[in-house]
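The values are calculated or read from the model by the stated rules, or taken from the named source; none is laboratory data. Treat the numbers as computed from the prediction; the structure is a model and nothing was measured. Note that each Cβ is placed from the backbone with ideal geometry, even for glycine, and that neighbours are counted across all protein chains shown. Ligands, DNA and RNA are excluded from the accessible area calculation, which covers all protein heavy atoms including side chains. Shrake-Rupley method; radii C 1.70, N 1.55, O 1.52, S 1.80 Å.
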Amino acid sequence: MSQRKQTSLIHAGRSKQWTHGVVNPPVQRASTIIFDTVAEKKQATLKRGQQTLFYGRRGTQTHFALQDAMVQLEGGAGCALYPCGTAAITNALLSFLATGDHILMVDTCYEPTRAFCDGILARMGIATTYYDPMIGEGIAALIQPNTKILFLESPGSITMEVQDVPTLATIAHQHDIIVMLDNTWSAGLHFDPFAHGVDISIQAATKYIVGHSDVMLGTAVATEALWPTLREQSYLMGQCVSADDAYLALRGIRTLSMRMAQHAKASLEIAQWLEARSEVAEVRHPELPSCPGHEFFKRDFTGGNGLFSFVLKTSDVAATTALLDGMQHFSMGFSWGGYESLILANEPSSFNSLRRVSNPDFDGTLIRIHVGLEDPQDLIADLAAGFERYNSVIMEQLHK
Ligand SMILES: *Cc1c(COP(=O)(O)O)cnc(C)c1O
């Protein structure tokens, strides 16, 4: 019987072999697994890549339950678990690359992804070409004979450009290039990676999967063809996570679609309120027509979330500081995807030097907010008070 997404996430990973008849799979902490007979040990060794208790680094039933739940959420054939999202990205890349290879990396990737390409991959003799997130069919011209991976992140970090994933994936596949996507923004809930041509879907589960700002975790879900390589290479590189963290991620999945719906509703309301503010030059929210790639968002996504950016008309540091320092509900902190609201400012210089081919050239300070699960009216009041503080600093300076 077919199920709607929310229903399937209630059941995901809860097969009796993992739960043993209780509602949630127990937290099974282990390094050593004990075998009663030589035959049992032999059997476990044979099946060690297939969710069989073998050795702690291969995971326990708590991990197997989470892997099943992630496959239920995103599709694909199997899910590798990592101690954080960055480890998921770097291990997925390393699992399929060798010296002399070339990768195509979206210019709007998460900053540590770029640093990994420019540092560790470069040192290994693997070349990276950055491409404009909006390049579309133009990607064909950047493909080299040694191009192995096309890496996407959609929407892009900080500036939120939504990519034309099916077009990019189709062209990559014509050249036998593996397509990887950082799918953290959609949480795997609102963008179906495998239906759009992705081969490996990566998430910082740290964000919405866990959803409560208390666990670092990464996931990579792969197609049938790539799963054995991803699984074995990641295992060789020592990637594993604690059973407690796997358990908390599973718990997060139960409420994922409810949380996302509320984050999305509140963030759109706040984005529209910001659009009407005189202090704001531009709002970058995938659900608004002004966001680059909004047409792809409408075509390919089934919903939004709480993370977006807006650009102020000025880059006055004292005024932005006044705005940020008095916030009651928006805290300053890295990460996002938890139940709480967050705010971070990026000076124009932090973009205008970083990106190679997709420089947005904003004049004003970019503010990224994560809209949490507070009542949006309280968040709007918090931002309105912030703008008052901001404006009084601007006014003071005009009168100096
Ligand atoms: C946070 C984040 C990551 C990295 O995840 P960590 O768990 O912090 O290592 C990767 N990609 C995106 C888009 C992120 O926002």
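Based on Cβ point charges of +1 for Lys and Arg and -1 for Asp and Glu, what charge dipole magnitude is obtained for region 257-398 about its Cα centre, in debye rounded to the nearest 20?
500 debye
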Point to revise | Highest-first arrangement of 215-224, 228-237, 29-38, where packing means the average Cβ count within 10 Å | key: 215-224, 228-237, 29-38
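For a test of the definition: using alpha carbon positions, the gyration tensor, and the 1.5 limit on a/c, classify region 68-127 as rounded, prolate or oblate.
Prolate, since a/c reaches 1.5 and a/b exceeds b/c.
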Review point. By the scheme Lys and Arg +1, Asp and Glu -1, what is the net charge of all other residues having a beta-carbon under 13 Å from that of Gly75?
Key: -4
Point to revise | Net dipole in debye of the chain [+1 Lys, Arg Cβ; -1 Asp, Glu Cβ; about Cα centre; nearest 20] | key: 1580 debye
Check your understanding: Once Lys and Arg get +1 and Asp and Glu get -1 on their Cβ, which of Val371, Met395, Cys291 lies farthest toward the positive end of the dipole of region 257-398?
Key -> Cys291
Check your understanding: Under a point spin-label approximation (7 Å from Cα along Cα-to-Cβ), what is the Ala261-Asp378 distance to one decimal in nm?
Key -> 2.1 nm
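Give me the percent of DSSP beta bridges within the chain that run antiparallel, rounded to the nearest 5.
Details: 24 of 42 bridges.
Restricted to the chain, the bridges split so that about 55 percent are antiparallel.
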Point to revise | Under 16 Å from Lys16, Cα to Cα: aspartates and glutamates that are on another chain or at least 8 residues apart | key: Asp68
Revision key, fill the gap. Between the modelled labels at Asn146 and Thr37 (7 Å from Cα along Cα→Cβ) the distance in nm is 5.3 nm
Check your understanding: Among Asn305, Asn91, Asn146, which one shows the biggest mean-square fluctuation in a GNM of the chain, springs joining Cα atoms closer than 10 Å?
Key -> Asn146
Practice item. Mind giving me the FRET efficiency for Asp118 and Gln272? R0 is 41 Å, r the Cβ-Cβ distance, nearest 0.05 is fine. Key: 0.65
Exercise for review: Based on the mean of other Cβ atoms within 10 Å per residue, sort peptides 68-74, 268-274 so the most packed one is first.
Suggested key: 68-74, 268-274
Exercise for review: For the chain, give the percent of accessible area contributed by carbon and sulfur heavy atoms, probe 1.4 Å, rounded to a whole number.
Suggested key: 54 percent
Practice item. Add +1 for every Lys or Arg and -1 for every Asp or Glu among the other residues with Cβ under 14 Å from the Cβ of Leu274, and state the total. Key: -2
Review point. Does a label point 7 Å from the Cα of Gln397, set along Cα-to-beta-carbon, have any residues of region 334-350 with amide nitrogen under 20 Å, and which are they?
Key: 344-350
**Study point:** Amide hydrogen neighbours beyond the local backbone of Glu161, cut-off 5 Å, H modeled
**Key:** Gly156
Check your understanding: Which residue, chosen from Ala345, Ala44, Pro83, occupies the Cα position most advanced towards the positive end of the dipole of the chain, where the dipole is computed from +1 (Lys, Arg) and -1 (Asp, Glu) charges on Cβ about the Cα centre?
Key -> Ala44
Exercise for review: Calculate, for the chain, the solvent-accessible area per residue in square angstrom, rolling a 1.4 angstrom probe over the heavy atoms of the protein chains.
Suggested key: 42 Å²
Point to revise | Charge dipole of region 5-254 about the Cα centre (unit charges at C-beta), most positive-ward option of Ile171, Cys109, Leu73 | key: Leu73
Exercise for review: Give the shape of region 230-285 as rounded, prolate or oblate, defined through the alpha-carbon gyration tensor: a ≥ b ≥ c are the square roots of its eigenvalues, a/c under 1.5 means rounded, and otherwise the shape is prolate if a/b is larger than b/c and oblate if not.
Suggested key: prolate
Revision key, fill the gap. Flagged as over-length at 32 Å C-alpha distance, from Lys41/Lys207; Lys5/Lys42; Lys47/Lys148; Lys148/Lys265; Lys207/Lys313, the pairs are Lys41/Lys207; Lys5/Lys42; Lys148/Lys265
Point to revise | Protection-proxy order for peptides 125-133, 78-86, each taking the mean of Cβ atoms within 10 Å per residue, highest first | key: 78-86, 125-133
Exercise for review: Evaluate the relative contact order of region 257-398 (contact order divided by residue number), counting alpha-carbon pairs under 8 angstrom at least 6 apart; express in whole percent.
Suggested key: 28 percent
Revision key, fill the gap. Under the 7 Å Cα-to-Cβ spin-label approximation, Ser335 and His11 lie apart by a distance in nanometres of 3.2 nm
Check your understanding: What is the local net charge at Gly59, summed over the other residues whose Cβ is closer than 14 Å to its Cβ (Lys, Arg +1; Asp, Glu -1)?
Key -> +2
**Study point:** Relative frequency of Cα-Cα separations exceeding 26 Å in the chain, percent
**Key:** 55 percent
Practice item. Please list, in chain and number order, the residues 5+ apart from Leu307 or on another chain whose amide H is under 5 Å from its amide H, with Hs placed from the backbone. Key: Val371
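Placing +1 at every Lys and Arg Cβ and -1 at every Asp and Glu Cβ, with all other atoms neutral, what dipole size does region 186-265 have around its Cα centre, in debye to the nearest 20?
Around 380 debye, computed over region 186-265.
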